[in-house]
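Input: a single structure, listed below in structure tokens.
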Amino acid sequence: MSRFLLLLLIPIVFACSTSHPADLIIKGGTIYTSNENQPTVEAVAVVADTIVYAGDLAGLKPFEGSNTKVIDLKGRTMTAGFIESHGHIMGLGYSEMNLDLTTIQNYDEMVAKVKEAIAKAEPGQWIVGRGWHQDKWNKKPAKIVKGFQTHELLSEVSPNNPVALEHASGHTVFVNAKAMSLAGVNPLSLEQFKENLGEGGEIVKDELGNPTGIFNENAESIIAKLIPANTKETRTKALSLALAACLRNGITTFHDAGADSSDVSLFTEFKKNNKLDVRLYVMLKPSVRSYLYSWYKRGPQVDKQLTIRAIKLYSDGALGSRGAWLLEPYSDQPTSVGMATMSMDTVLKFSREGLKHGFQICTHAIGDRANKEVLDRYETAFNENPEKEKDARFRIEHAQHINPTDIPRFGKLGVIPAMQAIHLSSDRPWAINRLGDKRIQEGAYMWQSLIKTGATVVNGTDVPVEPINPIASFFASVSRKTLKGEPEGGYEPNEKMTREQALQGYTLNAAFAGFQEKTKGSIEKGKLADFTIFSQDIMKVEETVLLKTEVISTIVGGKVMFEKH
């Protein structure tokens with residue numbers, strides 16, 4: 001061999017015989033990878049923001065360096081970073097700032113909370129809050145209209161302050177007399193409002209024709225436009241609080257289900273200033289068409305920290321407000337089948353445009369008719385554009401109540417059911433009153449049936465509808481019980497997920513739902529170093545203590561972003 005060739009080979013041999021020391025090594029506990037080819041590993045090594053090694057302890061030596069940080073799990077459990085597949089990031093932030101009604105037990109407690117808030121407010125200042133749910137209360141109000149409380153008690157304690165309290169579902173707002181006065185809502189104006197709302201909204205009135213303070217679905221906008229807009233300062237604070245809440249709960253990526261131009265601007269600013277500590281996958285609201293069309297022209301934005309490539313539509317309302325669109329009337333209100341909140345022609349239009357311009361369509365559908373109608377529109381768009389349909393990954397958000405004949409269509413069409421298992425824990429005890437035994441048993445929260453069709457089921461919380469805590473939703477997935485552990489054996493136990501399926505729903509499946517399975521969602525070489533460390537083994541501990549699991553640490557891009565002390 002010539003001396004020249006030998007000199008050429010020396011650098012190559014040297015490069016192959018050494019490894020770059022890792023910036024971070026994690027070992028000393030159980031590590032679940034969400035990689036079916038290697039379900040667990042003993043150690044992980046990270047350089048910068050990327051996993052460079054996932055395997056046994058024996059293979060770590062080349063990655064150990066004098067400056068390598070080592071995290072000893074001390075017997076605890078680590079998974080790929082949990083992904084919140086459906087939530088509202090700004091709503092989460094505002095819920096940390098406004099009146100929290102998620103824990104109230106009855107109407108009297110709601111009134112007491114408002115009275116306390118008014119004592120600290122200026123006359124005329126709006127009192128806003130969210131989280132009440134009348135079907136979860138331990139006692140019913142003395143007066144009920146269409147299943148809801150009426151405003152008189154609330155108005156009595158708030159004569160000088162307008163009050164707007166959003167239902168946990170986000171599909172109903174309850175207001176006092178002052179707010180209705182500012183909106184011009186009274187017995188004489190109700191018909192005019194009804195004509196303007198069409199079929200997509202309702203101002204509930206009592207037997208005498210008086211408004212009760214309940215504004216359902218599109219009628220919420222009558223009140224929303226009166227509430228002073230959030231300032232840049234409050235919006236910035238809300239996003240900061242939301243990101244911190246995500247990290248405390250082990251969430252490393254968040255799918256934001258409905259952002260407008262101001263939200264996107266704020267996200268972009270946070271990213272530019274290195275403050276976007278949680279990765280965002282953003283669904284755009286379609287309400288301002290010119291803004292949406294500007295995105296069509298620009299095309300999707302795909303980025304490690306901020307991805308914008310989806311559109312969020314609403315096809316119906318919520319089950320709690322009886323706004324979910326059903327094929328047959330509600331069992332507890334036979335005069336109603338709920339309502340469509342968007343024309344199905346519009347759903348088809350957006351489906352066609354999404355395929356054309358490379359944007360995923362994610363449509364809220366809770367009732368069985370809403371799910372059927374949306375699947376029909378998706379299928380029409382797919383048949384018209386079979387090439388683009390191959391990897392469209394269109395989603396139905398919630399997919400809570402499905403006609404049995406439509407369940408196989410999810411797998412066949414490749415439509416992703418983006419479901420929130422925690423809704424079963426919260427809603428199933430009263431949902432049976434809305435739907436009756438047969439519809440509940442054959443088509444409600446059909447996780448295992450959907451998985452068997454080949455559909456990719458993902459999990460989340462719909463925060464702030466439910467708290468962002470992923471352990472609660474994980475528990476619901478594998479137990480089908482309320483958070484009180486009821487009933488024994490769980491509701492419709494054949495639909496339980498295995499723990500492996502539940503973990504996939506929060507990791508690799510969730511990454512797939514955002515076209516990001518090649519870069520995150522499992523612990524494999526070459527993927528982003530996003531991890532969640534738990535206090536106990538969520539895959540093995542007894543179900544009775546699963547809810548006691550705590551998030552010990554959250555790591556995003558190889559950096560410890562939260563650590564419990």
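Values quoted throughout were computed directly from the atomic coordinates according to the rules given, and no laboratory measurement underlies them. These numbers were taken from a predicted model, which means no experiment stands behind them. Methodologically, a virtual Cβ is constructed for each residue, glycine included, from the backbone with ideal geometry; neighbour enumeration extends over all protein chains shown.
In the chain, taking the dipole from charged Cβ atoms about the Cα centre, the farthest positive-side position among MET97, THR405, LEU292 is held by LEU292. Quick one, which of [x] 158; [y] 206; [z] 178 is the actual volume of the Cα convex hull per residue in Å³ calculated for this model? The calculated read-out lines up with [z].
Quick check on the chain: helices-only [θ] at 222 nm, where DSSP H runs of length 4 and up contribute -39,500 (n - 2.57) each and the sum goes over total residues. Nearest 500, please.
Rounded to the nearest 500, the figure is -10500 deg cm²/dmol.
Residues in region 542-549 carry Karplus couplings, in order, of 4, 4, 5, 10, 4, 5, 7, 5 Hz; the curve used is 6.51 cos²θ - 1.76 cosθ + 1.60 with θ = phi - 60°, and Gly or Pro positions show x. In this structure, the amide hydrogen of HIS86, modeled 1.01 Å from its nitrogen in the peptide plane, lies closer than 5 angstrom to those of HIS255, THR461, ASP462, counting only residues at least 5 positions away or on a different chain.
Could you tell me the center-to-center distance, by alpha carbons, between region 480-522 and region 443-457 in angstrom? Each part reduced to its Cα centre gives a spacing of 11 Å. Rounded to whole numbers, the Karplus 3J(HN,Hα) couplings from phi for region 87-92 are x, 10, 5, 6, x, 4 Hz, using 6.51 cos²θ - 1.76 cosθ + 1.60 with θ = phi - 60°, and x at Gly and Pro.
Taken about its Cα centre, region 124-252 carries a charge dipole of about 600 debye when Lys and Arg each add +1 at the Cβ and Asp and Glu each add -1 at the Cβ. Around the Cα centre of the chain, unit charges on the Cβ atoms of Lys, Arg, Asp and Glu (plus for the first two, minus for the last two) sum to a dipole of about 1340 debye. Round to a whole angstrom and tell me the spacing of the C-alpha centers of region 54-102 and region 317-375. Region 54-102 and region 317-375 have Cα centres spaced 35 Å from each other. Each of ARG235, ARG279 has some number of other Cβ atoms within 10 Å of its Cβ, and from fewest to most they run ARG235, ARG279. Ordering PHE215, SER189, VAL175 by Cα displacement along the dipole of region 127-224 toward the positive end leaves VAL175 in first place; charges were set at the Cβ atoms of Lys, Arg (+1) and Asp, Glu (-1).
Listed from fewest to most Cβ neighbours within 10 Å, the set LEU101, LEU57, LEU165 follows the order LEU57, LEU101, LEU165. For region 130-189 versus region 243-282, the spacing of their alpha-carbon centroids is 32 Å.
Rounded to the nearest 5, what % of the DSSP beta bridges within the chain are antiparallel ones? In the chain, approximately 50 percent of DSSP beta bridges are antiparallel ones.
Given contacts defined as C-alpha pairs under 8 Å and at least six residues apart, what's the relative contact order of region 126-283, whole-number percent?
Taking the mean separation of contacting Cα pairs over the length of region 126-283, I get 17 percent.
Can you tell me the relative contact order of the chain? Whole percent, Cα pairs under 8 Å, sequence separation 6 or more. So the answer I get is 17 percent. Bridges between two residues of region 127-224, per DSSP, are antiparallel at a rate of about 70%.
Listed values for region 517-533 are Karplus-derived 3J(HN,Hα) couplings in whole Hz (6.51 cos²θ - 1.76 cosθ + 1.60, θ = phi - 60°), namely 5, 7, 10, 7, x, 8, 9, 9, 4, x, 8, 5, 7, 10, 9, 10, 10, and x replaces Gly and Pro. Take 324-337, 520-533 and order them by the average number of nearby Cβ atoms within 10 Å per residue, most first; the result is 520-533, 324-337.
Peptide packing: for 221-229, 91-99, 535-543, the average count of neighbouring Cβ atoms within 10 Å per residue gives the ranking 91-99, 535-543, 221-229, highest mean first.
Using C-alpha pairs below 8 Å separated by at least 6 residues, the relative contact order for region 315-497 is 18 percent.
In which sequence would THR461, THR150 go, from the one with the fewest C-beta neighbours within 10 Å to the one with the most?
Ordered by Cβ neighbours within 10 Å, fewest first: THR150, THR461.
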